[in-house]
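Asker: Take this structure, written in structure tokens, and hold onto it; I'll ask about it next.
FYI, it's all coordinate maths here, none of it is from the lab. What you see is a predicted model, and the numbers here were worked out from it, not measured in a lab. Here the Cβ positions follow ideal geometry from the backbone for every residue, glycine too, while neighbour counts run over all protein chains shown.
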Amino acid sequence: MSQQLILDNREEDAKNLARILYFVHGLTFVFSLGLLSIIPVIVNYIKRDDAQGTIAHSHHTWMIKSFWWYVFWMFIAFVLVITLGWILIGFPLAWGVGLLAWVWKAYRLIKGFIDLNNNRAMPV
């Protein structure tokens, strides 16, 4: 019986940390366009193994993948500005890519937070 309580406590602690990390990702995403998200991503990498066997493990992986894909698409937007900005088509393309990346990342953070609160693992 006490072993079950320990396992439940471990699961709940892992979920609480994931909730906090979703919140911090969201804050850094809103206030720095994701530039400071490297801080919660480092925590995701450190704590992911501790969450092995819980649904929080998939949420750590979800946040890590979301971060790196967001960085990739923002880099593409930056390259568009640098390479095509001088012919004026690069700026609207870069804004479009950046905006889509921002909306996509916001969706992933919101979906992950909702699924975590509904005790669902993320498809990773």
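Asker: Is it the case that the stretch 77-91 has a residue that's polar (S, T, N, Q), over 30 Å from Asn9 (Cβ atoms) and over 14 Å from the mean Cα position of the chain (by Cα)?
Answerer: So far as the stretch 77-91 goes, yes, one or more of its residues are polar (S, T, N, Q), over 30 Å from Asn9 (Cβ atoms) and over 14 Å from the mean Cα position of the chain (by Cα).
Asker: Here's another thing I want to ask about it. Quick one: count up the residues across the stretch 28-48 that are farther than 15 Å from His60 by Cβ and in contact with a Ser or Thr (Cβ under 8 Å, 6 or more places away or on another chain).
Answerer: 5
Asker: Take Ile20 and tell me if it is out of contact with any helix residue (DSSP H, G or I) (no Cβ under 7 Å at 6 or more places or on another chain) and more than 24 Å from Val103 (Cβ to Cβ).
Answerer: no
Asker: Taking the criterion of being over 20 Å from Leu35 (Cα atoms) and either in a helix (DSSP H, G or I) or out of contact with any helix residue (DSSP H, G or I) (no Cβ under 9 Å at 6 or more places or on another chain) (or both), would at least one residue in the stretch 63-83 satisfy it?
Answerer: The answer is yes, given that some residue of the stretch 63-83 is over 20 Å from Leu35 (Cα atoms) and either in a helix (DSSP H, G or I) or out of contact with any helix residue (DSSP H, G or I) (no Cβ under 9 Å at 6 or more places or on another chain) (or both).
Asker: Based on this model, can you work out whether Ala101 counts as closer than 30 Å to Glu12 by Cβ, in contact (Cβ under 8 Å) with a residue 24 or more places away in the chain, surrounded by 11 or more Cβ atoms within 10 Å (Cβ to Cβ) and aliphatic (A, V, I, L, M)?
Answerer: When the stated conditions are applied, Ala101 does not pass them.
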